[in-house]
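K.L.:
Here it is, the structure in full.
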Amino acid sequence: VRRALWLACACLACAPGDPTGAAGAFDEAGLRAPPRPGFEPVADALQVTCGTLDCHGRSARNLRLYGGRGLRLDPDDNSAERPTTRAEYEATYWSIVGLEPEVMTAVVGDGGEKPERLSLVRKGRGLDDHKGGRLSKPDDGYDRCLRSWLAGAIDESTCRGVADALRPVVRGL
Amino acid sequence: VRRCYHAIVAVAFATAACGDPVRDAAVEALGPEDPAVRPGPLHRPGQPCLLCHVAGGTAGERRYSVAGTVYRDPDSTMPLADVEVWVIDSRGRQVQARSNCAGNFYLRSSQFLPVFPLWVTLRHAGQVIDMESPMRADGSCATCHTDPRAPSSAGHVYVTDDPMSLRTPAMPTPCGGTP
């Protein structure tokens, strides 16, 4: 029932209009989530690390990440133009928060301690089977960015550093 | 008769167990070969090569790790030959492929087995263009680069935003049957 409620919240968040209705619904269910305000740099870090079109930027995935460099929310939009929209940040937020709502509630309730309880963290660290392999290790930039959000104090500069990380330079060009 | 029946059932199960129904459906959706192009390096431009050119695929004897098709510019579906495709993986290993007259290029798995993510840069006639996002899991360009541009596609791979900047003439590359 809780999961269904969360999914309903996610749908509400994707719908045009005031998304605070979703927040209100999960509060009533006694569930907790990391902060939505200031989430944008976290989403940007996730987009470049996990949300490319060949990974979680695919509509076939249960964890879908939306954004300007990947899957677009607006059916008239495309993956080559225009930056991430507010609605896409909103949809990405609910996509992550609604993945394991009870576990997320426990992690947030513990101030972000033991984040590896979340599949999102375990898969990223390569502790669970993950087609994308190991993307992070404890205390690297991506991991610190994610943990800071789960703890309720977003490390914006670290998240931006992950999102804006320079690509390797091709030698000989 | 029973023995024969059991043999048929066993073969049917063995065949079914080896298949990947998702991949099979994706291959089926690509449609048949173009009768004007024999199967080979020039065939099926713009399609996701690694659907077949992987272990267990219908062209698994020629496995690729990265493969795709390069076009001239975002608005043109004119393939571009002789484009250098530079690929660098997360361990810093870099290799180069070159597009043929169909715009196709490929890196054999025996030649380059990368550790994802990968970054790609194209160079042609003085133009250098970097792919903005890394490739995270799939070496087929056309998994994400299909036409038309859409919510889950960045459109085809191209060399320049400004076709006037290319010195090569704006006409199809002749494909005489040899890449």
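The values are calculated or read from the model by the stated rules, or taken from the named source; none is laboratory data. Note that the structure is a prediction, hence the values are computed from the model and not measured. So basically every Cβ, Gly included, is an ideal-geometry build from the backbone, and we count neighbours across all protein chains shown.
K.L.:
Can you tell me how many residues within the stretch B:46-73 are of a type outside the set (D, E, K, R) and part of a loop (DSSP other than H, G, I, E, B)? Write out each step before concluding.
P.N.:
Taking the stretch B:46-73 as the starting set, the residues that turn out to be of a type outside the set (D, E, K, R) are B:46-60, B:64-71.
Restricting the remaining residues to those that are part of a loop (DSSP other than H, G, I, E, B) gives B:46-48, B:52-60, B:70.
Of the residues in the stretch B:46-73, 13 are of a type outside the set (D, E, K, R) and part of a loop (DSSP other than H, G, I, E, B).
K.L.:
Test B:S65 against the criterion of being within 28 Å of A:D164 (Cα to Cα), buried (at least 20 other Cβ atoms within 10 Å of the Cβ), in contact with a helix residue (DSSP H, G or I) (Cβ under 9 Å, 6 or more places away or on another chain) and at the interface with chain A (Cβ under 9 Å from one of its Cβ atoms), and give yes or no. Show your work before the answer.
P.N.:
Numbers: within 28 Å of A:D164 (Cα to Cα): yes; buried (at least 20 other Cβ atoms within 10 Å of the Cβ): yes; in contact with a helix residue (DSSP H, G or I) (Cβ under 9 Å, 6 or more places away or on another chain): yes; at the interface with chain A (Cβ under 9 Å from one of its Cβ atoms): no.
No: the conditions fail for B:S65.
K.L.:
Let me ask something additional. Give the stretch A:120-173 a look and list any residue that's within 20 Å of B:G92 (Cβ to Cβ) and basic (K, R), or say none.
P.N.:
Passing the criteria: A:R134, A:K137, A:R167, A:R171.
K.L.:
Could you list all residues from the stretch B:86-106 that are farther than 17 Å from B:R44 by Cβ and buried (at least 18 other Cβ atoms within 10 Å of the Cβ)?
P.N.:
Correct list: B:W86, B:V87, B:I88, B:D89, B:Q94.
K.L.:
For the stretch B:76-104, give me each residue that is assigned to a loop (DSSP other than H, G, I, E, B) and without any contact (Cβ under 8 Å) to a residue 24 or more places away in the chain. It would help to see each step written out before you state the result.
P.N.:
As a first pass, look at the stretch B:76-104 and keep what is assigned to a loop (DSSP other than H, G, I, E, B): B:76-78, B:80-83, B:90-93, B:99-103.
Selection gives B:G92, B:R93.
K.L.:
May I pose another question? Quick one: count up the residues across the stretch B:111-149 that are within 7 Å of chain A (Cβ to nearest Cβ) and in a loop (DSSP other than H, G, I, E, B).
P.N.:
The number of residues fulfilling the criteria is 9.
K.L.:
Filter the stretch B:70-85 down to residues that are out of contact with any Leu (no Cβ under 9 Å at 6 or more places or on another chain), β-branched (V, I, T) and buried (at least 18 other Cβ atoms within 10 Å of the Cβ), then give me how many there are. Reasoning before the result, please.
P.N.:
Here is the first cut: in the stretch B:70-85, the ones out of contact with any Leu (no Cβ under 9 Å at 6 or more places or on another chain) are B:74-79, B:81-82.
Of the ones still in play, those that are also β-branched (V, I, T) are B:77.
With the extra rule that they be buried (at least 18 other Cβ atoms within 10 Å of the Cβ), the set shrinks to none.
Looking only at that region, the number is 0.
K.L.:
State all residues of the stretch B:73-97 that are under 17 Å from B:T146 (Cβ atoms), away from chain A (no Cβ under 14 Å) and not aliphatic (A, V, I, L, M); if no residue qualifies, say none.
P.N.:
Of all residues in the stretch B:73-97, those under 17 Å from B:T146 (Cβ atoms) come to B:73-79.
Restricting the remaining residues to those that are away from chain A (no Cβ under 14 Å) gives B:76-79.
Residues satisfying the conditions are B:S76, B:T77, B:P79.
K.L.:
Here is a follow-up. Among the helices (runs of 4 or more DSSP H) lying completely within the stretch A:91-173, list those that include at least 1 residues that are within 14 Å of chain B (Cβ to nearest Cβ) and among the small types (G, A, S).
P.N.:
Values: elements: A:101-109, A:119-124, A:141-150, A:156-163.
Of the helices (runs of 4 or more DSSP H) lying wholly inside the stretch A:91-173, those with at least 1 residues that are within 14 Å of chain B (Cβ to nearest Cβ) and among the small types (G, A, S) span A:119-124, A:156-163.
K.L.:
Still on this structure, I have one more. Could you go through the stretch A:155-170 and let me know if any residue there is closer than 30 Å to B:H124 by Cβ, at pLDDT below 95, in contact with a strand residue (DSSP E or B) (Cβ under 6 Å, 6 or more places away or on another chain) and not basic (K, R).
P.N.:
yes
K.L.:
Of the residues A:S79, A:S59, which single one is surrounded by fewer than 20 Cβ atoms within 10 Å (Cβ to Cβ), within 24 Å of B:W119 (Cα to Cα) and small (G, A, S)? Give the steps one after another, and end with the answer.
P.N.:
On the way: A:S79 fails: surrounded by fewer than 20 Cβ atoms within 10 Å (Cβ to Cβ).
So the residue among A:S79, A:S59 that is surrounded by fewer than 20 Cβ atoms within 10 Å (Cβ to Cβ), within 24 Å of B:W119 (Cα to Cα) and small (G, A, S) is A:S59.
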